[in-house]
1. Does Val73 fit the bill of being in a loop (DSSP other than H, G, I, E, B) and either of a type outside the set (Phe, Trp, Tyr) or free of Cβ contacts under 8 Å to residues at least 12 places away in the same chain (or both)?
2. Does Ala76 satisfy being surrounded by fewer than 10 Cβ atoms within 10 Å (Cβ to Cβ), of a type in the set (A, V, I, L, M) and at pLDDT below 90?
3. Residues in segment 30-53: is at least one over 34 Å from the mean Cα position of the chain (by Cα), on the phi < 0 side of the Ramachandran plot and open to solvent by 100 Å² or more (accessible area, probe 1.4 Å)?
4. Give Pro64, Pro50 a once-over and let me know the one that is in a loop (DSSP other than H, G, I, E, B) and touching a Phe, Trp or Tyr at 6+ places or on another chain (Cβ under 9 Å).
Amino acid sequence: MISFSNWREIDGIEQSLNDRLNRIDNRITEVSSKMDDLPAPAARPAQRGPDPNKVYRINTAGAPALGPASAAVTIAEFSDFQ
């Protein structure tokens, strides 16, 4: 008798879980179809500011510097203290 009542309780829990899973599946399908209907995102505007792929020549004559003047690479830092 105990095993039959346990079986019935487990069967009810299983049915409840299946119902919840079906609702979740339906909701995922609904959200997915809404996302498919969204318009394509607008094109990004042209990047403003310096081009990160370009090498810029900066006049550093007379500027404070660390390291040898004959270094292969010079890193210039600009700061605005406002």
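1. Details: in a loop (DSSP other than H, G, I, E, B): yes; either of a type outside the set (Phe, Trp, Tyr) or free of Cβ contacts under 8 Å to residues at least 12 places away in the same chain (or both): yes.
When the stated conditions are applied, Val73 passes them.
2. So Ala76 does not fit the description; no.
3. Within segment 30-53, not a single residue is over 34 Å from the mean Cα position of the chain (by Cα), on the phi < 0 side of the Ramachandran plot and open to solvent by 100 Å² or more (accessible area, probe 1.4 Å).
4. Of Pro64, Pro50, the one residue that is in a loop (DSSP other than H, G, I, E, B) and touching a Phe, Trp or Tyr at 6+ places or on another chain (Cβ under 9 Å) is Pro50.
The values are calculated or read from the model by the stated rules, or taken from the named source; none is laboratory data. Because the structure is predicted, anything quoted here is derived from the model rather than measured. Here Cβ is always computed from backbone atoms with ideal geometry, including for glycine, and neighbour counts include all displayed protein chains. When the accessible area is computed, the model is the full protein with side chains, heavy atoms only, and any ligands, DNA or RNA have been set aside. Shrake-Rupley method; radii C 1.70, N 1.55, O 1.52, S 1.80 Å.
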